[in-house]
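The values are calculated or read from the model by the stated rules, or taken from the named source; none is laboratory data. Predicted, not measured: the structure shown is a model, and the values here were computed from it. We place every Cβ from the backbone using ideal geometry, glycine too, and count neighbours over all the protein chains shown.
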Amino acid sequence: MDLEDFLNQRNIIDLSFFNFRNAITAAYFADKDLKVLRVNDNFIKFFPVLGNVTNVYFPDVLSQIGVAGEQIDEFISNIEENGFVQIPEIHIRIEEEDRVYSLLSTRTHDQYFSYLNGVQGQFVDRTTEWDLRREREKLLDQKMRDQQIIEEKNRRLENLSTRLAKYLSPQVYHSIFADTEGAQEGYARKNISIFFSDIVEFTDLTDILEPERIASVINSYLAEMASIALDCGGTIDKFIGDAVLVFFGDPESDGEIEDALKCVEMALRMRERVAELQHFWREQGVPKEMQIRMGIATGFCTVGNFGSEQRLDYTALGRPVNLASRLEGLADPNSIFIDQNTYNLIHEHVSCETVDQITPKGMARSIKVYRVNDFFSDDHRNKRQKLSRLGKYVQLNVINSSDIPALINELHQMQKDFEEQIDSSKN
């Protein structure tokens with residue numbers, strides 16, 4: 001006789017199931033044909049709709065508690081073919097509440113007691129874990145959406161910042177955005193060099209050129225003048241039609257002498273650049289040479305934000321501003337007139353000649369006026385960037401100097417195209 005014939009089958013099954021009786025999971029034991037023999041108390045608590053499930057086919061139990069048909073089929077096929085089942089996610093609605101369980105089951109084998117050969121498994125309640133995971137996913141989704149919103153707003157701010165930068169001098173732009181305390185709302189008295197320029201007879205030019213042509217001419221002129229001003233460290237105050245107002249010494253200063261020298265260097269470079277662009281402007285329909293007048297004055301001005309709450313201008317106010325404007329009006333075409341203060345600061349480095357003793361309109365005293373020739377130093381003059389070249393066979397005239405690397409690439413492409421054209425003509 002076998003050992004199992006001497007022992008009570010019910011007691012052996014109960015003993016075998018003892019470890020699951022008080023488990024926090026919903027445990028069951030079924031025979032090899034999947035007929036349920038034992039369930040623990042938590043099985044009834046988990047699935048109160050079932051009542052007594054003893055001697056019931058386990059797949060029918062799964063169906064009754066609401067397990068999806070494909071998952072029941074998965075359970076049956078895996079237990080038959082593999083001897084174990086692991087379904088990590090089963091959604092069941094119990095008493096108007098959605099619950100999530102995982103089902104773990106395996107075939108049992110016992111060499112001494114054949115009635116212990118069956119299927120033993122348990123439902124693990126994953127609802128809380130699932131809710132936390134779902135909440136985490138929601139938070140991650142929300143974080144991604146927030147990140148996308150932030151990135152989009154950052155892109156808009158960058159675009160706005162880029163557009164705004166075109167309306168402000170870089171020094172003013174950076175000082176505004178670096179000024180978290182609002183210090184730019186104040187005012188200061190500073191010794192600065194002020195530059196004024198305009199195009200001779202520009203009003204007549206606007207009467208004869210089409211709007212598109214005049215826009216091309218004035219935009220190219222102002223773009224090149226602005227590029228030179230910024231390269232020399234000037235603060236572009238404003239463009240007034242064809243007039244340009246630039247000052248040196250605020251918001252950053254290298255000392256009054258260096259500020260004045262930079263201002264004069266800028267004026268000289270502007271005059272050279274205007275000469276280089278004559279060919280381009282003639283192609284735009286300008287009938288004769290475009291000439292500019294320039295005036296520079298140095299003195300104490302009040303600088304800061306002036307205007308209303310609706311619109312502010314970072315500018316300079318004071319007698320030197322008016323004087324620079326008067327000197328520009330008095331200057332000969334393509335000449336740079338400066339006042340006595342500016343001359344006193346630069347005369348050791350720059351060749352100048354006396355023009356006259358004049359009393360500008362609106363001023364009580366006469367002042368001495370000087371015309372700027374150029375710097376004494378050959379090294380200084382030779383360091384200036386020249387954007388026009390005249391060779392034996394080629395004349396090069398750069399129209400837009402804002403992106404020199406792009407210019408070089410364009411020249412390389414022209415060289416390549418020209419070489420390919422020559423090679424094809426030989427063949």
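For segment 290-301, state whether one or more residues are under 27 Å from Y221 (Cα atoms), touching a strand residue (DSSP E or B) at 6+ places or on another chain (Cβ under 8 Å) and surrounded by fewer than 19 Cβ atoms within 10 Å (Cβ to Cβ).
The first filter runs over segment 290-301 and keeps only residues under 27 Å from Y221 (Cα atoms), leaving 290-298.
Narrowing further to those that are touching a strand residue (DSSP E or B) at 6+ places or on another chain (Cβ under 8 Å): 290-298.
Imposing the further condition that a residue be surrounded by fewer than 19 Cβ atoms within 10 Å (Cβ to Cβ) reduces the set to 291.
Within segment 290-301 (the criterion being under 27 Å from Y221 (Cα atoms), touching a strand residue (DSSP E or B) at 6+ places or on another chain (Cβ under 8 Å) and surrounded by fewer than 19 Cβ atoms within 10 Å (Cβ to Cβ)), the answer is yes, since at least one residue qualifies.
Those residues that are within 14 Å of N191 (Cα to Cα) and acidic (D, E), I need them from segment 243-287; list them, please.
D250, E252, D254, E256, E258, D259
Report, by residue number, each residue of segment 418-427 that is at pLDDT 75 or above, exposed (fewer than 10 other Cβ atoms within 10 Å of the Cβ) and not polar (S, T, N, Q).
I422, D423
Right, E309: more than 23 Å from A226 (Cα to Cα) and not β-branched (V, I, T) or not?
Working: more than 23 Å from A226 (Cα to Cα): yes; not β-branched (V, I, T): yes.
Yes, satisfied.
Out of R282, R319, R271, I need the residue that is free of Cβ contacts under 8 Å to residues at least 12 places away in the same chain and surrounded by fewer than 21 Cβ atoms within 10 Å (Cβ to Cβ). Which one?
Details: R319 fails: free of Cβ contacts under 8 Å to residues at least 12 places away in the same chain; R271 fails: free of Cβ contacts under 8 Å to residues at least 12 places away in the same chain.
After ruling out the rest, the residue left standing is R282.
List, please: which pairs have Cβ atoms under 8 Å, are six or more places apart or on different chains, and start with a residue in segment 21-32 that is assigned by TED's automatic domain parsing to the domain that holds F47 and surrounded by 17 or more Cβ atoms within 10 Å (Cβ to Cβ) and end with one that is in a strand (DSSP E or B) and of a type in the set (D, E, K, R)?
T25/D125; A26/D125; Y28/R38; F29/R38
If you take the residues of segment 253-292 that are small (G, A, S) and assigned to a loop (DSSP other than H, G, I, E, B), which of them is farthest from D374 (Cα to Cα)? Break it down into steps so the answer makes sense when it comes.
Applying the first criterion (small (G, A, S)) to segment 253-292 yields 253, 255, 260, 267, 275, 285.
Applying the additional criterion that residues be assigned to a loop (DSSP other than H, G, I, E, B) yields 253, 255, 285.
Values: S253: 23, G255: 21, G285: 31 Å.
So, considering only residues that are small (G, A, S) and assigned to a loop (DSSP other than H, G, I, E, B), the one farthest from D374 (Cα to Cα) is G285.
I want to confirm something. Restricting to segment 334-364 and keeping residues that are in a strand (DSSP E or B) and among the aliphatic types (A, V, I, L, M), which single residue is nearest to D378 (Cα to Cα)? Give the derivation first.
Pass one, segment 334-364, residues in a strand (DSSP E or B): 335-338, 350-358.
Now drop any that are not among the aliphatic types (A, V, I, L, M), which leaves 336, 338, 350, 355, 358.
Working: I336: 20, I338: 22, V350: 11, V355: 24, I358: 32 Å.
Among them, the one singled out is V350.
Checking the conditions here, which among F75, F84, F58, F123 is exposed (fewer than 15 other Cβ atoms within 10 Å of the Cβ) and in contact with a strand residue (DSSP E or B) (Cβ under 6 Å, 6 or more places away or on another chain)? Explain how you work it out, then say what you get.
Values: F75 fails: exposed (fewer than 15 other Cβ atoms within 10 Å of the Cβ); F58 fails: exposed (fewer than 15 other Cβ atoms within 10 Å of the Cβ); F123 fails: exposed (fewer than 15 other Cβ atoms within 10 Å of the Cβ).
Criteria check complete, one pass: F84.
What are the residues in segment 350-401 that are at pLDDT below 75, of a type in the set (V, I, T) and surrounded by 15 or more Cβ atoms within 10 Å (Cβ to Cβ), if any?
Hits for segment 350-401 are V398, I399.
For segment 149-162, state whether one or more residues are crowded, with 18+ Cβ neighbours inside 10 Å, touching a Phe, Trp or Tyr at 6+ places or on another chain (Cβ under 9 Å) and either modelled with pLDDT under 90 or in the same structural domain as I257 (by TED's automatic domain parsing) (or both).
Within segment 149-162, none of the residues are crowded, with 18+ Cβ neighbours inside 10 Å, touching a Phe, Trp or Tyr at 6+ places or on another chain (Cβ under 9 Å) and either modelled with pLDDT under 90 or in the same structural domain as I257 (by TED's automatic domain parsing) (or both).
Residue pairs, Cβ under 9 Å, 6 or more apart or interchain, first in segment 54-71 and on the phi > 0 side of the Ramachandran plot, second assigned to a loop (DSSP other than H, G, I, E, B) and surrounded by fewer than 14 Cβ atoms within 10 Å (Cβ to Cβ). List them.
Final answer for the pair search is G66/V49.
Looking only at residues that are part of a helix (DSSP H, G or I), over 35 Å from the mean Cα position of the chain (by Cα) and among the hydrophobic types (A, V, I, L, M, F, W, C) in segment 184-223, which one is surrounded by the most Cβ atoms within 10 Å (Cβ to Cβ)?
Once the filter is applied, the top-ranked residue is L205.
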